[in-house]
1. So, R0 is 51 Å and r is the distance between the beta-carbons of residue 483 and residue 56; what FRET efficiency does that work out to, to 0.05?
2. Over 49 Å, how big is the tail of the calculated P(r) for the chain, in percent of all Cα pairs?
3. Report the relative contact order of the chain, percent, no decimals, based on alpha-carbon pairs under 8 angstrom and at least 6 residues apart.
4. How high is the relative contact order of segment 482-592, in percent, with contacts defined as C-alpha pairs under 8 Å that are six or more residues apart?
5. Note the per residue figure in Å³ for the convex hull of the C-alpha positions in segment 392-484.
6. Please report how far the C-alpha centroid of segment 282-299 lies from that of segment 304-371, rounded to the nearest whole angstrom.
7. Could you work out, for segment 111-154, what percent of all Cα-Cα pairs fall into each 5 Å distance bin, beginning at 0 Å and stopping at the bin that holds the largest distance?
8. Expressed as a whole percent, how much of the Cα-Cα distance distribution for segment 473-528 exceeds 13 Å?
Ligand code: GCW
């Protein structure tokens, strides 16, 4: 055993504030154990409430001496745990040079949203079944809960909403609350508070109240009694996440009340206990012909009417987690309302757990438009399940990691996060990896999200997905009776003249929801950033792009570039093979082949389909499609949530 390990073991027994007379706190013990496993020097962990640089409880200071010994200080035990993890992380990057650094998180709330159902399925989850074993709880505690909690703590995630926003009322039944308590007890020492998604009609479903009207006194009493019951079991319970009046979920509008009246009623029930309400702005009642405008139209007028323990949770883009969207204009448009961003870690629209798509560049792009200081919190829709590595494949973990790091510090660069993550999670011995391999793997990660955009929907195209599973291409998709805004044609609007959704002042005027400077930029086809061109404009096929090519040719090249980029991932992976942790090469190699095949499928299906409208030939150098459009149109992926497709599934389109 390393000397350090003995030290930490003893430390774990006596530490907390390093007051030797106090029993060790659980978080401190976890920190000590983590250090024993991952850090070779001796470390002291001390509570420090006097250091003015440590301005919030989760902040920490790490001092490392030339001999590798170190001291971590923080006002809180959770901060000591974060500091211990930071020491390990920083030492993996820069060795043992002397160091004195303070970190203060950008947000006090950095929360995962699990879309996990009580029957063990996970909506848009591609990492197995739910990690929460509701049938076994509260008696049996899966060891995965603590693994999960440690992985959260390593990156500073401090909240978990356990269940799907399409919430079963049963989660608030007394039986389930006992199960929730059991999970909360495991997560607490890792600094994680537990939250629940709630169904707005719970009083009706669980206790047969005749209404869930938020202004009805009996309904208000029901929620306040329920809050009391929860806090009796879980004194540090975080609060509720609510999807209301969206995609069939009940909400205050069902009773003629506003979103604010609904949210405030829940906020009042939680307030005596210090809980919060995260109220989602993901709504698109067809009040306007452009779905991208609807959340703004419904919520912006409510600015200033929410209680102060309500946070409005807004998806990064105005439609729905597409590979690329402009930011949602609701951000910054409600100065009197606390707002938080909802980012999607699970790859619903980016190839599930089959494709490598490192999302830090996407989130960096979001934060380049939305000032991090204008938000009070960040949420990420988790990609966690009960698969052995918890994320379906070992590289998908990079997105969980990146989310946590960016929720802590949105200004971190995707390259730095990639370097940290590969050193921690990918390589068996990071120090032995040749620079050329390290750089190639980093470049692969950094290029991967843009590659997905290219081969799926470049130049501002969006929602070309097959109905339901959101995996393969179906720009032609037509489902009789479906809402038009669930179908790709609503978004791409390809015709003989051109392609794209006219959201300019001459079209749906969604541009008017943006601040003046961006309005002008996006509204003019000549100044609109080309990555958003077809989001905002219905552009002629012959429109001259900045490259000098026609729009049609540029579209073809973009699709083809995506294919070539992912073709290039395969040799990178081969070169990295000798340096990877056991099992990682084998887990990803078939996926990279699937990704390359899927990229061709996307490119060929989309270009063949759009060529019917452009009536222009593929430009020189673009590989001819191997199938006809009719063949691609026959592909039916039979299942809604799947991991790496089996060979038989791939044969459907190869
Ligand atoms: O993108 C859509 C997803 C739904 C999801 C919904 C939401 C949880 O396809 O599966 O439901 O968004 O965010 O509420």
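Since every read-out is calculated from the coordinates, none of them should be taken as a lab result. From a predicted model like this one, the values you see are computed outputs, not experimental measurements. All Cβ positions, even for glycine, are placed from backbone atoms using ideal geometry, and neighbour counts span all protein chains on display.
1. 0.70
2. Here the long-distance tail beyond 49 Å is 13 percent of all Cα pairs in the chain.
3. Answer for the chain is 11 percent.
4. 18 percent
5. 146 Å³
6. Value for the Cα centre distance between the two parts: 16 Å.
7. 5, 21, 25, 29, 18, 3
8. Pairs farther apart than 13 Å: 66 percent.
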